[in-house]
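Rule-based calculations on the coordinates, nothing more; no lab input. Owing to the predicted nature of the structure, the values given are computational and were not obtained by experimental measurement. Cβ coordinates were reconstructed from backbone atoms using ideal geometry, including for glycine residues, and neighbour counts include every protein chain displayed.
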Amino acid sequence: GNSVTQMEGPVTLSEEAFLTINCTYTATGYPSLFWYVQYPGEGLQLLLKATKADDKGSNKGFEATYRKETTSFHLEKGSVQVSDSAVYFCALLHNTDKLIFGTGTRLQVFP
Amino acid sequence: SAVISQKPSRDICQRGTSLTIQCQVDSQVTMMFWYRQQPGQSLTLIATANQGSEATYESGFVIDKFPISRPNLTFSTLTVSNMSPEDSSIYLCSVERFWGDGYTFGSGTRLTVV
């Protein structure tokens with residue numbers, strides 16, 4: 001079946017460091033891929049998305065490229081801030097209209 | 001994207017009681033869903049709320065425990081019935097305006113059962 005695998009956290013970085021959070025997926029065909037962010041005490045917010053192979057989603061300095069050949073959608077940011085500290089969820093949407101989430105990766109950024 | 005108002009934002013309830021959570025959207029949406037997020041965990045889909053008919057439940061979730069209503073295209077409720085401490089979670093409403101648009105989530109209801 002369809003599934004999403006994320007790197008385990010927490011990921012701990014100093015401010016202005018480069019961020020990568022790995023995400024790979026298993027699905028037939030061409031799912032849509034998403035990154036959601038959950039700040040402490042809040043619900044989920046859509047961060048970015050990509051709907052077809054080689055698409056790059058971007059928002060707030062974050063980027064992720066839909067790689068069909070490696071079934072990946074890794075999240076990157078060139079320079080993280082303390083305010084980026086949150087839990088990040090990779091997710092896919094395919095055929096059934098049910099969003100399938102990864103386990104989430106907690107990011108902690110220190111000044 | 002759609003704007004969701006979810007109420008209450010948090011509650012502390014006695015075991016054996018029930019709590020109804022409301023989800024109001026500012027525009028008509030095709031799909032509405034209810035998720036549960038247990039402490040430190042990812043999100044698990046409880047059910048799809050169908051307008052004018054019974055909800056579609058995922059494996060492990062039943063209507064008697066989690067009755068859902070969706071009387072129109074902008075509103076839904078989830079009831080957590082006969083609560084136990086194991087029901088302590090964040091419950092989130094989610095909507096999708098159209099297929100592939102991505103889901104928008106409410107801010108969640110943080111439920112503690114004592």
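The table below gives the values:
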{"quantity": "The range A:72-102: number of residues that are β-branched (Val, Ile, Thr) and either in contact with a Leu (Cβ under 8 Å, 6 or more places away or on another chain) or surrounded by 17 or more Cβ atoms within 10 Å (Cβ to Cβ) (or both)", "calculated": "3"}
{"quantity": "One residue from A:73, A:62 being within 28 Å of residue B:39 (Cα to Cα), within 13 Å of the chain's Cα centre (by Cα) and within 14 Å of chain B (Cβ to nearest Cβ)", "calculated": "A:73"}
{"quantity": "Pair list, Cβ < 7 Å and 6+ apart or interchain, from the range B:1-17 residues that are within 14 Å of chain A (Cβ to nearest Cβ) and hydroxyl-bearing (Ser, Thr, Tyr) to residues that are assigned to a loop (DSSP other than H, G, I, E, B) and surrounded by 11 or more Cβ atoms within 10 Å (Cβ to Cβ)", "calculated": "B:9/B:107"}
{"quantity": "Residue count, the range A:8-51 (criterion: surrounded by fewer than 16 Cβ atoms within 10 Å (Cβ to Cβ) and hydrophobic (A, V, I, L, M, F, W, C))", "calculated": "2"}
{"quantity": "Residue check, residue B:30 of a type in the set (Ser, Thr, Tyr), within 13 Å of chain A (Cβ to nearest Cβ) and either surrounded by fewer than 18 Cβ atoms within 10 Å (Cβ to Cβ) or in contact (Cβ under 8 Å) with a residue 40 or more places away in the chain (or both)", "calculated": "yes"}
{"quantity": "Any hit, the range B:67-74, residues being part of a strand (DSSP E or B) and within 21 Å of residue A:92 (Cα to Cα)", "calculated": "no"}
{"quantity": "Condition check for residue B:98: buried (at least 16 other Cβ atoms within 10 Å of the Cβ) and of a type outside the set (Val, Ile, Thr)", "calculated": "no"}
{"quantity": "Residue, farthest from the other protein chains (Cβ to nearest Cβ), within the range B:35-49, restricted to residues that are surrounded by fewer than 17 Cβ atoms within 10 Å (Cβ to Cβ) and of a type outside the set (S, T, N, Q)", "calculated": "B:39"}
